[in-house]
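Take a look at the structure set out below.
The values are calculated or read from the model by the stated rules, or taken from the named source; none is laboratory data. Bear in mind the structure is a predicted one, so any value in this text is a computation, not a measurement. Heads up, the Cβs are rebuilt from the backbone with ideal geometry, glycines too, and the neighbour counts pull from every protein chain shown.
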Amino acid sequence: MADTTTAAATGGGHPAAGNDAPVAEATGISKRFGATVALRDARITITPGESHALVGRNGAGKSTLVSILTGLRPADTGTLRFSGEAAPAVGDIDAWRSKVACVYQKSTIIQDLTVAENLFLNRQSDGPLRPIRWKQLRARAEELLAGYGVDVKADARARDLTVEQRQFVEIARALSFGARFIILDEPTAKLDARGINRLFDKLRDLQRQGVAFLFISHHLQEVYDLCTTVTVYRDAAHILTAPVAELGHRALVEAMTGESTVTAAETVENRPPVRSDAPELLTVEHLTLPGACEDLSLTVRAGEVVGLAGAAASGNVRVGETVAGLHRPEQGTISVGGRRVRGGSVPSALAVGVGLVPEDRHLQGLVNNRSVAENATLTVTDQLGPYGTVLPARTRSFARRMIRDLDIKTPGGSTPVSELSGGNQQKVVVARALATDPQVLVAIRPTNGVDVRSKEFLLRRIRQIADGGKAALIVSDELDDLKVCDRLVVMFHGRAVAEFDRGWKDEHVVAAMEGVADRAENSGAHASADPTSDTTEEHGR
Ligand SMILES: Nc1ncnc2c1ncn2[C@@H]1O[C@H](COP(=O)(O)OP(=O)(O)OP(=O)(O)O)[C@@H](O)[C@H]1O
């Protein structure tokens, strides 16, 4: 396809087709960023009312395709049509919005505005010089939300919404522009199991009303639950498009990776249990964090990976962050190898040997305008040169090792971290935590946004830390993350309610995370307490 950029953006002016034309059809799409080929002659076709998954490893080109499909970036070559019509000109935002909408993992909602204001941003009044009629705006917003069955108050502040409510508002806003095609780019990354179920119910509802979806996720089970068709990209190219029902899990993973895989969990199953006389490396005693946990105690021994499991409101993330010095406990102590972590002090946690993979790489993880090398070495600048200096050569060689060790896909260490794909950014965050050679690694949802093979890779790295005589605490509600653990402690509403040794069954752990104690009992769980006896009102992250 030899179209110019303009032709790519306008689709070449073909006449409108009938109603059964694909809602979106992209062919021959190529895109380069400097020396990096992000897409090579790629294609995708989404038919009306279809739920179509796009999957691929980190850096495969998915987000680049999304930016082209939503008019954020022009393709270098290729043709794009919506319902048989040429795509709008780049920059004609309203025209693009009427064709396609995108709900990103990162919110596009403005926190300080109300829901109504967000819904009608830049279209509050009837014309540039007309005053905004607030009452009318609110009524229109209420009507819109009710129309799409979104149970959110129009005058609520956006910052007070949960992730799930925020996504529903974004979907309602997208549909209100007239689009019948919505792209969901990793929408479940920040939701817990119940939130995901509710989102999927809503999507199925909308699908019945004729809305088509392009769904991007690294959770392949979600693809099987929600989608009818799947497209796989690998190394910037289209590999296959097939009905989901005809493609088994292994075949799908093989299409994504180009090879067959053994899971990290499979490698854990046959290892000997951690010795009970192994020294305790992490000791948490009687920890109380207002609104997050009460009187929580746990230990992690040398050589052990412990999973601190729990849904969004369980308080597990706050406990993990507190071990790393991010919050000051009201009561209780945390020690690493017998040395106390000073409450609420990150330097103290670092000094005793705690490494942290934080939950949100955008907020806590990365400095966007700095290079991969600088980000990967932020925690170890003291090792990069004498007397507080940082030697560029040492930074570079340190970074080279990290890039190789963690299989980070980047043109080089000097590339700004913002130019990496999401999953590769997450690997830089992990690299940074590992750089200090921590005694205790606290990894909060460490594989968030990471593709299926890199996920195995990261989990294996965490296992290796323990195998080298250190300790790891994985804080997560992802069963795949928890499967590499020697032992699980499950939290529900601020309390440890159950403990499982290896060999647990998914449904028992899920039941414990959801606070269904009777199902968790007699299931390999021990030390369970009554989760409903908890009195704390607000919990969690
Ligand atoms: N703004 C940019 N500048 C330079 N390179 C970029 C830019 N955006 C993306 N790339 C590169 O293009 C390639 C494709 O990236 P893209 O973000 O599309 O991948 P992805 O499939 O969405 O990955 P992930 O699953 O990790 O989000 C990667 O090699 C990435 O580093």
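Points worth noting:
- Filtered residue count, the range 435-460, keeping only those that are part of a helix (DSSP H, G or I), of a type outside the set (G, A, S) and either at pLDDT 85 or above or in contact with an Asp or Glu (Cβ under 8 Å, 6 or more places away or on another chain) (or both): 5
- V300 part of a helix (DSSP H, G or I), in the same structural domain as G515 (by TED's automatic domain parsing), over 19 Å from the mean Cα position of the chain (by Cα) and at pLDDT 95 or above: no
- Selection of the range 60-75 for residues being on the phi > 0 side of the Ramachandran plot and surrounded by 24 or more Cβ atoms within 10 Å (Cβ to Cβ) yields only G61.
- Residues of the range 470-482 that turn out to be buried (at least 21 other Cβ atoms within 10 Å of the Cβ) and outside any helix (DSSP H, G or I), as a count: 8
- Of the residues making up the range 407-425, those that are within 18 Å of the chain's Cα centre (by Cα) and either more than 8 Å from the ligand (Cβ to nearest atom) or hydroxyl-bearing (S, T, Y) (or both) are I408, V417, S418, S421.
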